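Peer 1: Below is a structure I'd like to ask you about.
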Amino acid sequence: MIKKTVLEEESKLIESQFIGERVIADDTSESRQLYDQSRFGELKDNKIRYSLVEALYLLEKGKIVVYSQKNKKTDFEDFVKKATKYEPTFWIRYCVFRDMRSRGYIVKTALKFGADFRVYERGVKPGEDHAKWILYPVHESNVFSWHEFAAKNRVAHSTRKRLLIGIVDDEDDTTYYEISWKKP
């Protein structure tokens, strides 16, 4: 009886494959339900494409199984190593993503805005309304110039979003700062 329950639980996991800079799963009832409820992934060509941070979060939460292109099951540590080859700041980005998701926000990539993430207010799903913030994750030891800072703020302002900087410390905790333009 217990073994059957474990097998039943495993069959409900979303099977996915690590392909390049994405993790891809078939559009099954399980993956579609997760997408409809929480907007994990992006629907395209009868597949659901997960960003690397989304996939690791779902792997950590026990929602998906990720296979390599050689059909080998990928564990958490292997996933992080692989993802870091594609994105050198992957771990910092993941810490911020995980923290925001655990707080109830929907977080999606924001490359078209020139940012790491766009963040939706709690209860708002992409497509229903616009994101409230664009979010840049940084490690506490990182430094950027006033020009880089102004550029980030300008991107937020021009896209009618608020700028959020997520600063990750050495214990992987994140502190957020919201920055906005003020007219005197």
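Taken together, the values in this text are just the output of simple stated rules run on the coordinates, not laboratory data. Keep in mind that what you see is a predicted model, and the values were worked out from it rather than measured. Counting neighbours? That spans all protein chains shown, and the Cβs are built from the backbone with ideal geometry, glycine included.
Peer 1: In Å³ and rounded to a whole number, note down the convex hull volume per residue for the Cα atoms of the chain. Please list the in-between numbers first.
Peer 2: Working: hull volume 27.0 nm³, N = 184.
Here the figure is 147 Å³ per residue.
Peer 1: Could you please rank W181, W133, placing first whichever residue has the fewest other Cβ atoms within 10 Å of its Cβ? List each step's numbers first, then the result.
Peer 2: On the way: W181 10, W133 24.
Least crowded to most crowded, the residues run W181, W133.
Peer 1: Give me E21, E87 sorted ascending by neighbouring Cβ count inside 10 Å, so fewest comes first. Before the final figure, lay out each step's value.
Peer 2: Numbers: E21 12, E87 16.
Exposure proxy ranking, most exposed first: E21, E87.
Peer 1: Could you pull out the longest piece of the chain with no exposed loop trypsin sites (Lys or Arg not before Pro) in it, calling a site exposed if DSSP puts it outside H, G, I, E, B and it has at most 15 other Cβ atoms within 10 Å?
Peer 2: Details: sites that count: K12, K61, K70, K72, R103, R122, R160, K182.
The reported range is 13-60.
Peer 1: Can you give the calculated 222 nm mean residue ellipticity of the chain, where each DSSP H run of n ≥ 4 adds -39,500 (n - 2.57) and the sum is split over every residue, rounded to the nearest 500 deg cm²/dmol? Before the final figure, lay out the partial values.
Peer 2: Details: 6 runs with 66 residues, N = 184.
For the chain, the value works out to -11000 deg cm²/dmol.
Peer 1: Same structure, new question: Of K12/K47; K44/K82; K112/K132, which pairs sit farther than 20 Å apart, going by alpha carbon to alpha carbon?
Peer 2: Working: K12/K47 17 Å; K44/K82 23 Å; K112/K132 15 Å.
Cα-Cα > 20 Å for K44/K82; rest within.
Peer 1: Continuing with the same structure: Using only alpha carbon pairs under 8 Å that are at least six residues apart, calculate the relative contact order of the stretch 134-184 and give it in whole percent. Mind showing how you got there, number by number?
Peer 2: Working: 60 pairs, mean separation 20.3, N = 51.
Relative contact order for the stretch 134-184 comes out at 40 percent.
Peer 1: Could you run the Karplus curve 6.51 cos²θ - 1.76 cosθ + 1.60 with θ = phi - 60° over the stretch 103-116 and give me ³J(HN,Hα) per residue in whole Hz, x for Gly and Pro?
Peer 2: Residue by residue, the stretch 103-116 yields 8, x, 8, 8, 10, 10, 5, 9, 4, 5, 9, x, 10, 6 Hz.
Peer 1: Normalised by the residues of the stretch 60-146, what does the relative contact order come to in percent, with Cα pairs under 8 Å and at least six apart? Provide the component values of the computation, followed by the final result.
Peer 2: Working: 80 pairs, mean separation 15.0, N = 87.
Normalised by residue count, the contact order of the stretch 60-146 is 17 percent.
Peer 1: Fewest first, what order do T175, T74 take by the number of other Cβ atoms within 10 Å?
Peer 2: T175, T74
Peer 1: I'd like the Karplus ³J(HN,Hα) series for the stretch 72-82: coefficients 6.51, -1.76, 1.60, θ = phi - 60°, whole numbers in Hz, and an x wherever there's a Gly or Pro.
Peer 2: 9, 5, 9, 8, 4, 5, 5, 4, 4, 4, 5
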